[in-house]
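Single-structure report; data block below.
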Amino acid sequence: MHAIKKLNLNQQLTDLDVLEIDSPSCRACIALQGAQILQYQPKHRANSVLWLSKANTGQVGKALRGGIPLCFPWFGAHPQGLQPAHGFARNQIWELQNVSYDQAQAIHHVDFILQDSPETRKIWSHAFRLKLRISCGISLNLDLQVENIGSQAFEFSFAWHSYFQVDQIRQVEIHGLQNAEFMDKLQSNQRFCEADAVTFQQETDRIYPKASGHYQIVQAGHTAIEIAAPRCASAVIWNPWQDKAKRLGDIAEGDWQHFVCVECGQIASETVRLAAGSKVDYQLQITDIPI
């Protein structure tokens, strides 16, 4: 009744190994690069909750557009502009530690680890260990632990850069951000207060340094995706719209209309300082709820 296997997804990810999960509760696909979940489809749904670009090249070391990339140890552009945007965790091959199956709950647990290496220390000099558990069942759960295994404190920011599949972006509303202050990246980081649900009529790129950790994606009033990240202080809402999607080069023609990013993490003023020998945990839960 359930299966998990390592395979090569030839049609889209020609050079990247992925794990494919099929259980009574869901189907899912996870790339070893970035420990990145690419697809998650509860059995009651006709398609994946997560959006994955058809224009991905599958080149090893190149970020994958879609699913849930992990941005670490910084979010956005590098502070000095010398290193890749969104850090390096999403481009590294993570070590697969364990796969287990809870038959009673119909949940697969997949455990990954990423530790500093000579390659990462060229980019970011600190000693660290990341542990990520991805649990695929009726809901999708991600549990991240960041550990400082060095002798000096370090600062980091991070985000789960989640891409959610939608029918039409113009018919989407994001709930849970009312009264939250945000920085508008398209208006030189000017600060505004979100008065109501977020809707989309143009390119949108907003950072909410302090948000509720509980959000809902509503599509034309008939389906909802519940997002819970109670320990993540920050949120980001993003859709590139038509012109930027063309410039990015890895989004197929017109596909910008079919996804929205609702990202959870620690960003901007909520950057984390982690003492030597310390660790911190974050959780993300995604649940598809037919209305």
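The values are calculated or read from the model by the stated rules, or taken from the named source; none is laboratory data. All values reported here derive from a predicted model rather than from experimental measurement. Neighbour counts run over all protein chains shown; Cβ positions are idealised from the backbone, glycine included.
The C-beta contact set for the stretch 85-111 (first residue within 16 Å of residue 143 (Cα to Cα) and without any contact (Cβ under 8 Å) to a residue 12 or more places away in the chain, second residue aromatic (Phe, Trp, Tyr) and not in a strand (DSSP E or B), distance under 9 angstrom, 6+ apart or interchain) is empty.
One line per residue, one yes/no per condition, for (1) under 15 Å from the mean Cα position of the chain (by Cα); (2) part of a loop (DSSP other than H, G, I, E, B); (3) of a type in the set (Asp, Glu); (4) at pLDDT 95 or above:
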| site | (1), (2), (3), (4) |
| --- | --- |
| 205 | no, no, yes, yes |
| 221 | no, yes, no, no |
| 225 | yes, no, no, yes |
| 235 | yes, no, no, yes |
| 245 | no, no, no, yes |
| 264 | yes, no, no, yes |
| 273 | no, no, no, yes |
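Do you know which residues across the stretch 60-85 are closer than 16 Å to residue 248 by Cα, part of a loop (DSSP other than H, G, I, E, B) and out of contact with any Gly (no Cβ under 9 Å at 6 or more places or on another chain)? Result: 62, 65, 76, 77, 84.
Per the conditions (1) at pLDDT 85 or above; (2) in contact with a strand residue (DSSP E or B) (Cβ under 6 Å, 6 or more places away or on another chain); (3) among the aliphatic types (A, V, I, L, M); (4) surrounded by fewer than 23 Cβ atoms within 10 Å (Cβ to Cβ), the sole criterion not satisfied by residue 46 is (2). Selection over the stretch 87-121 of residues that are more than 20 Å from the chain's Cα centre (by Cα), closer than 29 Å to residue 25 by Cα and assigned to a loop (DSSP other than H, G, I, E, B) gives a count of 4.
Does residue 75 fit the bill of being buried (at least 21 other Cβ atoms within 10 Å of the Cβ) and in contact (Cβ under 8 Å) with a residue 40 or more places away in the chain? In short, yes.
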